[in-house]
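What follows is a single structure, written as C-alpha cells, with notes after it.
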Amino acid sequence: MPRFNSPVAIIFLFFCVIYFNTLQNGFQLDDYYRVIDNPGIQKVLPTSRHFLDPKTITYLPSLEVYRPLLPLSLSLNYALHEYSPTGYHLVNAGIHFFTTLMVYLLCLALTGMVQRTENIPANTRAMSLIVALVFAVHPVSGYPVNYISGRDLLMMQFFLIASLYCYILMKKEGENLLRWAGVLVLYLLSLLSKQNALVMPVLILVFEWVLMKRSLVEKTTWYRVLPFALIAAGLMSFIKFALGFSDVDKLWGGSEWSSFWVYPLAQLKLHLFSYGANFLWPWGISAAPYVSPGNIADPGVWLGFIFIGATLFAAYRLRKTMPLVSFCILSYWILLAPSSSLVPLTHLQFDYRPYPSSVFLYLAVIVLAFRFLNRSTVFVGSLVVLIYFSTSAIQFNSIWKTKESFWDHNIQSEGSLAHLNYALAIPDLQLREKHLRTALDINPRYNMAKLNLGLTLIHSGNQKDGLNWVETAAQEKPSSGQNQFWLAKAYKLTGDSPKALLAASQAAKLKPIKKYQYEAGLQMTRAKRFEEAISFLKLVLDEDPDFKRTGFLLGFSYQKTGKSEKAISIYETYLKNDKQDYQAQFNLAHAYMDVDRCSESIDAFNKTLDQKPDYDEVHLHLSNCHKKLGNTVQADRHLQVWNTRNKKETTPSK
C-alpha cells in the first residue's frame, strides 16, 4: 500500500480551513424529518431495527426509504448530544475527509496502471493529491457535507470508492476468497447507505473493458461483474420480498410530469447548463432552483444531447490511446445515471447529484492537463483553482447557518420551493405573503404554497380569504393527512372548533403519525370526547412516551372517564420525565384522592405547592385529605388558607 503521510496532513489542513465554519450551521431541508423529532433515531439499540424497519429513517411516511446506515449513524449522534448540530456536522465532515483519502488512493492506483501509456508524470502522488483536494473543497462536495441528511450520499461514496480501490488492489496483488469478501462487503455497505450504488456492476464492467482490455464477449469479463450484480439483486430482493417494502412510489416522479419525456429532456439540458456549469461557477449552486420542464424544441436540450453524445464518442475513441480518460468519462455518466437520466424522479434537479461522479471528472481533467501542458503550468493553475474553489466553499458553507440565510441564498435561483421555504423562515407576514404568491406565480399548482398562503393570511387578520386558500388546498388533495392537519389548525384559528376537531381526526386517520395523532387527541380532549382522545393518545404514547404532553392528556382523559388507577400509572410515568409540570402533579394528587390513597395524595399536593405556591385549590384538597387521615390541625390550617384567600369564614373541624 502506498505511503501518503504528507498528503494526509495537507488534506487535513485544507479540511480544517474549509469546513471549520460548518460546525455551527443548523438543520435544513429533510433534517427536520430525519433528525428533529424522529423517534427512530432516539435510541441506538437494537441496531437491527434500522435494517428491518425502513420507518426509522423518518417520521414522515412520504420520505421513507431503505438506507439503514443513515438512521443508524444519526442515532449514534443523538445518543451523544441529542440535537446539537455540531456533532452531526463533525461526522459529515469526517466521512468526507476519509472519502477524500480514499479518492487519493484510488487516483494513485488508477494513474499507476496507465502511467506509461498516458504520459503521466513519475510522481503520481502530486497528481492524485490535486484531484483529492479539488474533490475535498469543491462546493458540489460541500453540499452533502453541510446537509446532515446528505450523509447517506457521503457514506455511499466512501464505501463505493473503497470497494473499487480494493478491487483494483486485489487485481494487482492477487485474488483470494478473503479479498473478494472485503470488496463485496464494502459494496454492500455502499448499497445500505444509498441505492445509487446499484450501478457498481456497470462500473466494474467498464473498468475491465477499458483499463484491463478485456473483451465484452468474454465470459471471464462477465464473471467478474457477476458477484457485484448478485449482491445488488440480493439486497433488492430482501427489501422487496423479506421486508415487503418498496420506495419506488416515494422516488418515482412520473405522475408529476405531463409526459414521460419531460424528465429525461430536462436532464439533457441540466447536464450542460446546470451541473456542468456548477463545476466552473460554484457560486450558483442552489438547493431548489427553478427548472423548466424538458421540451424537445428547447435549443438547450439539443446542446446537452450533443455534449453528452460527444463525450461518449470521445470516450469510445480514446479507450485505446488514453484509457484512463476514457474510463473517467464513462464512470462520470454511469454514476449520474440513477438520478439524472431516463428514470423520472420527483425533483428535476438537485445540485449535489454530481457528487459521486465528480471524482472522475477531476481526474480526467488533471490527466489531460499533464498530457498537454507543462508541469509548472499545471501546478500553478491547480493552486489558483484550489484557491478559487476554497473561497467559494467557505462562502457556500456560511449560507447553511440558519433557515433564513439558507433560503435567502436559494431564492436567487427563482425556484418555487425556495420562495416557499424562505417565506416560512421569516417573521414578517407581509414579506411572507409576497414570497408565497411568487411561489404560486412560478408554479400555480403548488399545493403547499396555497396552504401556507392561507395560514399566513389568517395570521394577518384576513380570515375569510385565508380559510378559502387552506380549504382549496385540502380539497385538491383530500387524501393528504398533512393538508387535513393544517386545515384543522386553520379552523382552530378562525374559531370553528367542530370543524377543527373533524379535520384533526381525519388527519390522524389518513396519516397515522404521532404529530397528527397528538393533535387529534388534544382536540378530542378539549371537546370532552375523552374515549376518542384515549384512542389517539395511546398510539402516540406507545410510539414515543416523551412526545409533548401526551402523558398528561392521556392521564387526564382516563381520569375524566373514571379510570383513576390507569390515570395514576400514566401520570407517574409522565412525571418521571417532566417533574416541573405542576398541573400534572395536581391531577395525580386528585387521582390518588379519588381512590382514597390520601397519604400519596398529600405528598403530590405538597409537590404542587412547591412548584406553584399560589395554587389555592390545593389547600382545600389538602384539608380534606388530612381530615380523612385524622390530622385535624393540618386540616384546619389548610382550610384556613383556602378560606382566607377566598374571603370566606373559617369553620373549624369537629
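The values are calculated or read from the model by the stated rules, or taken from the named source; none is laboratory data. Only a predicted model underlies this, so the values are computations on that prediction, with no experimental measurement involved. Using ideal geometry, Cβ is built from the backbone for each residue, glycine included, and neighbour counts are taken over all protein chains shown. Side chains included, ligands, DNA and RNA excluded: accessible areas come from the protein's heavy atoms. Shrake-Rupley method; radii C 1.70, N 1.55, O 1.52, S 1.80 Å.
Based on the Cβ-Cβ distance from GLU572 to TRP261, what FRET efficiency comes out when R0 is 45 Å, to the nearest 0.05? The partial results should precede the final answer.
Values: r = 62 Å, r/R0 = 1.38.
Plugging the Cβ-Cβ distance into 1/(1 + (r/R0)^6) gives 0.15.
In segment 74-117, carbon and sulfur make up what percent of the accessible area (probe 1.4 Å)?
Details: 1120 of 1680 Å².
It is 67 percent, rounded to a whole number.
Show me, bin by bin at 5 Å from 0, the whole-percent P(r) of segment 450-569 based on Cα pairs.
2, 14, 21, 20, 17, 11, 9, 4, 2, 0
Rounded to the nearest 0.05, what FRET efficiency do ALA79 and ILE387 have when you use their Cβ-Cβ distance and R0 = 45 Å? Display every interim value, and only then the final one.
Details: r = 39 Å, r/R0 = 0.88.
The formula returns an efficiency of 0.70 here.
Run the accessible area of segment 138-249 with a 1.4 Å probe and give the carbon-and-sulfur part as a rounded percent.
71 percent
Go through THR550, LEU272, MET448 and say which Cα lies farthest out towards the positive end of the charge dipole of the chain; charges sit on Cβ, +1 for Lys and Arg, -1 for Asp and Glu.
Of the listed residues, the answer is LEU272.
Suppose only helical runs count, i.e. DSSP H with n ≥ 4. What mean residue ellipticity at 222 nm does that imply for the chain under -39500 (n - 2.57) per run, divided by all residues and rounded to the nearest 500 deg cm²/dmol? Intermediate values should be presented prior to the final figure.
Numbers: 33 runs with 440 residues, N = 654.
When only DSSP H runs of four or more count, the value is -21500 deg cm²/dmol.
Between the helical axis of 375-398 and the dominant principal axis of the chain, each derived from Cα atoms, what acute angle in degrees is found, rounded to the nearest 10?
10 degrees
Using 0.36 nm per residue, how much length does the chain from MET170 to LYS219 gain when fully extended, once their Cα-Cα distance is taken away?
Here the answer is 15.7 nm.
Per-residue counts of other Cβ atoms within 10 Å, averaged by peptide: what ranking do you get for 197-206, 230-239, highest first?
197-206, 230-239
When we measure straight from the Cα of LYS627, which lysines land under 30 angstrom away, once same-chain ones fewer than 8 places off are left out?
LYS560, LYS563, LYS566, LYS576, LYS579, LYS607, LYS612, LYS647, LYS648, LYS654
Express in nm, to one decimal, how much length is gained between LYS579 and ALA314 on full extension, taking 0.36 nm for each residue of separation and deducting their alpha carbon distance.
Full extension of this stretch gives 88.4 nm more.
With contacts defined as alpha carbon pairs under 8 Å and 6 or more residues apart, what's the relative contact order of the chain in percent?
10 percent
State the extension gain, in nm to one decimal, for the chain segment bounded by VAL44 and LYS628, taking 0.36 nm per residue of separation less the distance between their alpha-carbons.
On the way: separation 584, 0.36 × 584 = 210.24 nm, distance 4.87 nm.
Here the answer is 205.4 nm.
Please give the per residue accessible area of the chain, computed with a probe of 1.4 Å over protein heavy atoms only, in Å². Let's see the in-between values first.
Details: 29680 Å² over 654 residues.
Value returned for the chain: 45 Å² of accessible area per residue.
Roughly what angle does helix 481-493 make with the longest principal axis of the chain, taking Cα atoms, 0 to 90 degrees, to the nearest 10?
40 degrees
Label ASP408 and LYS434 with points 7 Å out from Cα along Cα→Cβ: what is the distance between them in nm?
Result for the modelled spin labels: 1.4 nm.
Hey, with R₀ at 35 Å, roughly what FRET efficiency would ALA277 and LEU177 work out to, going by the Cβ-Cβ distance, to 0.05?
Details: r = 47 Å, r/R0 = 1.33.
Between ALA277 and LEU177 the formula returns 0.15.
Suppose every Lys and Arg Cβ carries +1 and every Asp and Glu Cβ carries -1, with no other charges. What dipole size does the chain come out with about its Cα centre, to the nearest 20 debye?
980 debye
Determine the share of segment 364-423's accessible area contributed by carbon and sulfur atoms, expressed in whole percent, with a 1.4 angstrom probe.
Details: 1870 of 2830 Å².
Using a 1.4 Å probe with all protein chains present, segment 364-423 comes out at 66 percent carbon and sulfur.
So how tilted is helix 69-81 from the main axis of the chain? Cα-based, degrees 0 to 90, rounded to 10.
That works out to roughly 50 degrees.
Which of the peptides 562-572, 415-425, 532-542 is most tightly packed, and how do the rest follow, judged by the mean count of other Cβ atoms within 10 Å per residue?
Result, highest mean first: 415-425, 532-542, 562-572.
Please work out the Kirkwood hydrodynamic radius for segment 363-450, using every pair of different C-alpha atoms, and report it in angstroms with one decimal place.
Taking every pair of different Cα atoms in segment 363-450, averaging 1/r and inverting gives 15.8 Å.
What order do you get for 611-623, 448-460, 79-91 when each peptide is scored by the mean count of other beta carbon atoms within 10 Å, highest first? The partial results should precede the final answer.
Working: 611-623: 17.1, 448-460: 22.5, 79-91: 15.5.
Going from most to least packed, we get 448-460, 611-623, 79-91.
Compare the Cα positions of SER193, VAL540, TYR491 along the charge dipole of the chain (+1 at Cβ of Lys, Arg; -1 at Cβ of Asp, Glu; about the Cα centre) and return the one farthest towards the positive end.
Sorting the options by dipole projection puts first SER193.
Which of LYS269/LYS514; LYS489/LYS538; LYS401/LYS511 have a Cα-Cα distance over 30 Å?
Checking Cα-Cα distances, LYS269/LYS514; LYS401/LYS511 exceed 30 Å.
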